[in-house]
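Participant: Take this structure, written in structure tokens, and hold onto it; I'll ask about it next.
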Amino acid sequence: MPSVHFSEITTSIILETGVTQSVPKLFYPREGADRVYFLDSSAHGLETIPEDILRMKHLEELHLEKNSIRFIPSGIKNLEHLHVLYLHENSLESLCDELGELHQLQCLDLSDNPLTSTEETLRPLSCLWDLQELRLYNLGIKEVPILICKNVYNLQLLGLSGNQLSTLPKEIVNLTKLQEIYLQRNLFEEFPTVLCQLSNLEIVDLEQNAISCVPDEIALLQNLTKLFLASNRVCFVPQSLSQCTGLTYLDVTANCISKVPWNALTGLVELALSYNRLRILPSHVSKLAFLQVLYLKNTGLRNVPCHIRQLSELRVLDLSQNRFSTFPVAVCSLPRLEMLSLDDNKLTQLPADIKELTQLKNLGLTGNRFEIFPEEICFLPALEKLYLGQDEGLKLTRLPDTISMMQSLKELYVENNSLTALPAAIGTLANLNILDCHNNQLTELHDGICNLQALKKLFIQGNQLSRLPDDFDHLQTLEVLELEGNPLSDPPMEICTTGIVALHKYLQDKRMRQIKATKIQAWWRGLMVRRGLGPFKELFGQRMAAIKGKGKKGAPPAKGKKGAASKPASGKKKK
């Protein structure tokens with residue numbers, strides 16, 4: 001099992017666009033038995049829309065996603081007050097004309113259905129004049145229906161990711177209220193310049209296409225705040241982006257970029273440049289005064305300029321999978337840094353100045369070259385997550401007792417090392433939720449681990465453990481326990497594999513048996529001593545002999561010898 005890399009976790013959290021997520025479901029109160037405003041029948045195994053639902057004339061929000069519905073009945077038109085309709089992940093092959101009669105519908109999701117995605121099939125959608133959000137993900141659409149562009153002019157969000165689009169129709173300019181468009185995983189080889197005429201656009205997502213350049217016309221998008229271009233073939237970021245004064249988020253991960261016009265990106269809050277060919281981070285990076293999140297994973301960097309310390313707002317910095325042989329000391333001057341990833345570099349030690357990162361919560365150091373645990377980490381007062389797994393190369397053999405200083409620590413990952421034991425100090429980490437030390441050489445667990453009352457997940461598979469501590473059942477908050485690959489005999493592996501509850505019961509029963517055995521043994525020994533029987537007879541006799549020996553030293557003279565010392569000698573008289 002490979003080591004846990006903090007950089008991968010942060011990327012999945014920070015770069016989540018929410019494209020495939022539905023709008024949170026709202027709750028509408030009931031005003032009577034015959035008036036239902038909200039209904040959730042998602043994932044109910046429905047093959048048709050029940051007639052009972054079609055009679056709910058006051059319904060405003062209806063969730064029917066994740067069923068097996070094959071068609072929409074004509075009775076759908078009865079739901080004339082419907083505002084929100086979710087039908088994604090069903091088995092729809094066509095749309096009925098009556099769907100177009102839902103003139104109050106504002107949000108519709110038809111994604112992930114086997115629809116015949118022709119303009120004729122989607123025609124009913126062109127009658128939904130008040131529609132504001134339309135999601136048509138993963139339908140195999142090759143062309144955006146022109147009628148939708150002409151008639152559904154109130155659209156604010158259009159989701160077309162996962163289709164087969166290579167161009168957009170010029171009629172899309174009619175969608176003057178459009179604010180968000182999602183075009184991930186299509187066949188675009190050129191940036192669709194027609195989008196630049198939609199002046200209200202705030203979010204443009206063109207990830208995972210084959211776009212090679214961004215046109216200068218993008219400067220027309222004065223309201224643009226987020227631009228997603230990851231996994232394309234973009235070679236440069238245009239200077240014209242500087243005119244998009246509202247741009248705060250730019251993701252150009254996994255492109256062919258070698259130079260960045262830093263002065264064109266001065267308003268950015270988040271910038272993702274990972275998997276590009278930068279090799280050098282110039283001093284101009286200091287111009288990004290508002291930057292809070294910076295991803296530079298696998299960009300060929302060997303060092304970081306001292307000017308990076310001017311990024312006083314920076315909170316997340318990913319420098320993993322680069323070529324650092326020494327820790328970039330300038331990073332220690334970032335006062336608000338909360339997440340730092342240096343996974344998969346060539347670090348052998350950490351500087352003492354790292355303690356200046358008083359706000360650091362997450363630190364990724366997996367896959368480096370530490371021979372011993374870098375104790376400088378223990379002086380990070382806010383640290384909550386530490387990643388120190390080693391997939392290959394040098395391995396840690398011990399954890400220091402100073403780990404007890406890390407009282408804020410919630411997650412500790414030290415997998416794939418050569419630890420033979422955990423220190424007693426591990427039991428003082430009162431806030432520890434996750435402990436991962438799988439694939440080490442642990443032969444025993446210190447009893448102190450049973451003091452981790454906040455522990456929820458423990459990964460100790462692939463070690464040399466033959467037994468667990470007797471008080472292991474004191475870990476009452478434990479939810480996940482991995483023990484595979486250990487030669488366990490106490491408890492037996494067949495008990496461990498049945499779950500935590502069974503394991504705890506085994507240990508509790510064992511403890512009760514031990515308590516009873518101790519009481520019986522104490523009673524039996526006492527009985528033996530009192531009666532002078534059994535294996536204690538000799539001990540009892542020795543004790544009595546010792547007592548008698550003490551008594552003889554102060555005993556009176558033997559009979560017949562009394563006064564012998566004062567008796568006069570034979571033949572002599574006492575004078």
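Participant: From the list Phe324, Phe290, exactly one residue is over 30 Å from Asn223 (Cβ atoms) and either open to solvent by 20 Å² or more (accessible area, probe 1.4 Å) or modelled with pLDDT of 95 or more (or both). Which is it? Let's see the steps before the verdict.
Facilitator: Values: Phe290 fails: over 30 Å from Asn223 (Cβ atoms).
The unique qualifying residue is Phe324.
Participant: Here's another thing I want to ask about it. Test of understanding: among Leu435, Leu452, Leu465, Leu458, which residue is out of contact with any Asp or Glu (no Cβ under 9 Å at 6 or more places or on another chain) and under 24 Å from Leu386 (Cβ atoms)?
Facilitator: Every option except Leu452 fails the conditions.
Participant: Is it the case that Lys57 is open to solvent by 40 Å² or more (accessible area, probe 1.4 Å), in a loop (DSSP other than H, G, I, E, B) and farther than 21 Å from Glu133 by Cα?
Facilitator: Yes: the conditions hold for Lys57.
Participant: How do the pairs read when you match residues in region 305-319 that are closer than 12 Å to Leu288 by Cβ and in contact (Cβ under 8 Å) with a residue 24 or more places away in the chain with residues anywhere that are basic (Lys, Arg) and open to solvent by 10 Å² or more (accessible area, probe 1.4 Å), using Cβ under 8 Å and keeping only pairs 6 or more apart or on different chains?
Facilitator: Here the result reads Ser312/Arg336; Glu313/Arg336, each pair linking region 305-319 to a residue that is basic (Lys, Arg) and open to solvent by 10 Å² or more (accessible area, probe 1.4 Å).
Residues are listed down the side, and each one gets a yes or a no for (1) polar (S, T, N, Q); (2) without any contact (Cβ under 8 Å) to a residue 24 or more places away in the chain:
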residue: Thr402; (1), (2): yes, no
residue: Tyr413; (1), (2): no, no
residue: Leu419; (1), (2): no, yes
residue: Leu432; (1), (2): no, yes
residue: Thr443; (1), (2): yes, yes
residue: Cys450; (1), (2): no, no
residue: Gln453; (1), (2): yes, no
residue: Leu458; (1), (2): no, no
residue: Gln461; (1), (2): yes, no
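Participant: Let me ask something else. Residues Leu99, Leu108, Leu139: which one is more than 39 Å from the chain's Cα centre (by Cα), within 21 Å of Lys66 (Cβ to Cβ) and surrounded by 18 or more Cβ atoms within 10 Å (Cβ to Cβ)?
Facilitator: None of the other options fit; the residue is Leu99.
Participant: Also, I was wondering about something else. Among residues belonging to region 164-223 that are closer than 22 Å to Leu139 by Cβ and hydroxyl-bearing (Ser, Thr, Tyr), point out the one that is nearest to the chain's Cα centre (by Cα).
Facilitator: Tyr182
Participant: Still on this structure, please answer the following. Just one of the numbered conditions (1) outside any loop (DSSP other than H, G, I, E, B); (2) open to solvent by 10 Å² or more (accessible area, probe 1.4 Å); (3) not basic (Lys, Arg) is not true of Leu134; which one?
Facilitator: (2)
Participant: Residues to consider are Leu394, Leu340, Leu347, Leu419; find the one that is hydrophobic (A, V, I, L, M, F, W, C) and under 24 Å from the mean Cα position of the chain (by Cα).
Facilitator: From the options Leu394, Leu340, Leu347, Leu419, the qualifying one is Leu340.
Participant: Would you check which residues across region 341-354 are assigned to a loop (DSSP other than H, G, I, E, B) and in contact (Cβ under 8 Å) with a residue 40 or more places away in the chain and list them? Give the derivation first.
Facilitator: Looking only at region 341-354, we keep the residues that are assigned to a loop (DSSP other than H, G, I, E, B), and these are 342-351.
The answer is Asp343, Asp344.
Participant: Condition test on Leu268, is it buried (at least 17 other Cβ atoms within 10 Å of the Cβ), under 18 Å from Ile203 (Cβ atoms) and touching a Ser or Thr at 6+ places or on another chain (Cβ under 9 Å)?
Facilitator: Working: buried (at least 17 other Cβ atoms within 10 Å of the Cβ): yes; under 18 Å from Ile203 (Cβ atoms): yes; touching a Ser or Thr at 6+ places or on another chain (Cβ under 9 Å): yes.
So Leu268 passes the test.
Participant: State which residue pairs qualify: first residue over 20 Å from Gln359 (Cα atoms) and touching a residue at least 12 places away in the same chain (Cβ under 8 Å) and inside region 320-333, second residue of a type in the set (Gly, Ala, Ser) and open to solvent by 10 Å² or more (accessible area, probe 1.4 Å) in any location, beta carbons under 7 Å apart, and separation of 6 or more residues or different chains.
Facilitator: That search, which allows pairs on different chains as well, returns Asn322/Gly300; Arg323/Gly300.
Participant: Which one of the conditions (1) over 34 Å from the mean Cα position of the chain (by Cα); (2) part of a loop (DSSP other than H, G, I, E, B); (3) in contact (Cβ under 8 Å) with a residue 12 or more places away in the chain does Leu125 fail to meet, given that it meets all the rest?
Facilitator: (2)
Participant: Just for region 436-457: of the residues that are closer than 16 Å to Asn417 by Cα and of a type outside the set (S, T, N, Q), which one is most open to solvent (accessible area, probe 1.4 Å)?
Facilitator: Among those residues, the one meeting the criterion is Glu444.
Participant: Do we have any residue at all in region 245-252 that's under 20 Å from Gly300 (Cα atoms) and at pLDDT below 95?
Facilitator: no
Participant: What is the residue count in region 340-359 for residues that are surrounded by fewer than 24 Cβ atoms within 10 Å (Cβ to Cβ) and either farther than 24 Å from Cys306 by Cα or hydrophobic (A, V, I, L, M, F, W, C) (or both)?
Facilitator: So the count comes out to 5.
Participant: Ile14 fails exactly one of the following numbered conditions: (1) in contact with a helix residue (DSSP H, G or I) (Cβ under 8 Å, 6 or more places away or on another chain); (2) modelled with pLDDT under 95; (3) of a type outside the set (Gly, Ala, Ser). What is the number of that condition?
Facilitator: For Ile14, the exception is condition (1).
Participant: Okay, next question. May I ask you to list the residues in region 186-231 that are touching a strand residue (DSSP E or B) at 6+ places or on another chain (Cβ under 8 Å) and among the aromatic types (Phe, Trp, Tyr)?
Facilitator: Within region 186-231, Phe228 is the sole residue that qualifies.
Participant: Please work out which residue is surrounded by the most Cβ atoms within 10 Å (Cβ to Cβ), limiting yourself to region 498-507 and to residues that are under 17 Å from Leu458 (Cα atoms) and more than 25 Å from the chain's Cα centre (by Cα).
Facilitator: Of region 498-507, the ones under 17 Å from Leu458 (Cα atoms) are 498-504.
When the remaining residues are screened for being more than 25 Å from the chain's Cα centre (by Cα), the result is 498, 501-504.
Numbers: Thr498: 13, Val501: 9, Ala502: 14, Leu503: 21, His504: 17.
Restricting to residues being under 17 Å from Leu458 (Cα atoms) and more than 25 Å from the chain's Cα centre (by Cα), the top hit is Leu503.
Participant: Another question about this same structure. I'm checking my understanding of the structure. Among residues of region 266-287 that are of a type outside the set (Ser, Thr, Tyr) and modelled with pLDDT of 95 or more, which one is farthest from Leu334 (Cα to Cα)?
Facilitator: Applying the filter and picking the extreme gives Asn276.
Participant: Specify which of the listed residues (Leu422, Leu383) is over 23 Å from Ser312 (Cβ atoms), modelled with pLDDT of 95 or more and either open to solvent by less than 60 Å² (accessible area, probe 1.4 Å) or not basic (Lys, Arg) (or both).
Facilitator: Residue meeting the stated conditions: Leu422.
Participant: Same structure again: Cβ-Cβ distance below 6 Å, separation of 6 or more or different chains: which pairs start in region 192-216 with a residue that is open to solvent by 10 Å² or more (accessible area, probe 1.4 Å) and end on one that is aliphatic (A, V, I, L, M)?
Facilitator: Note: pairs meeting the criteria are Pro192/Leu168; Val194/Leu168; Val194/Ile172; Gln197/Val173; Glu207/Ala230.
Yes/no per residue for (1) part of a helix (DSSP H, G or I); (2) under 21 Å from Leu452 (Cα atoms); (3) out of contact with any helix residue (DSSP H, G or I) (no Cβ under 7 Å at 6 or more places or on another chain):
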{"residue": "Gln359", "(1), (2), (3)": "no, no, yes"}
{"residue": "Ile377", "(1), (2), (3)": "yes, yes, yes"}
{"residue": "Gln390", "(1), (2), (3)": "no, no, yes"}
{"residue": "Lys395", "(1), (2), (3)": "no, no, yes"}
{"residue": "Leu419", "(1), (2), (3)": "no, yes, yes"}
{"residue": "Leu422", "(1), (2), (3)": "no, yes, no"}
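Participant: For region 117-131, which residues satisfy the criterion of being surrounded by 17 or more Cβ atoms within 10 Å (Cβ to Cβ) and within 14 Å of Asn163 (Cα to Cα)?
Facilitator: Selection gives Ser117 alone.
Participant: For region 205-230, how many residues are of a type in the set (D, E, K, R) and out of contact with any helix residue (DSSP H, G or I) (no Cβ under 9 Å at 6 or more places or on another chain)?
Facilitator: The qualifying residues number 3.
Participant: Restricting the search to region 282-340, which residues are of a type in the set (A, V, I, L, M), farther than 25 Å from Leu241 by Cβ and outside any loop (DSSP other than H, G, I, E, B)?
Facilitator: Val329, Ala330, Val331, Met339, Leu340
The values are calculated or read from the model by the stated rules, or taken from the named source; none is laboratory data. Note that the coordinates shown come from a computational prediction; the quantities given were computed from them, not determined experimentally. Please note: Cβ atoms are built from the backbone with ideal geometry, for glycine as well, and neighbour counts cover all protein chains shown. For accessibility, only protein heavy atoms count, side chains too; no ligands or nucleic acids. Shrake-Rupley method; radii C 1.70, N 1.55, O 1.52, S 1.80 Å.
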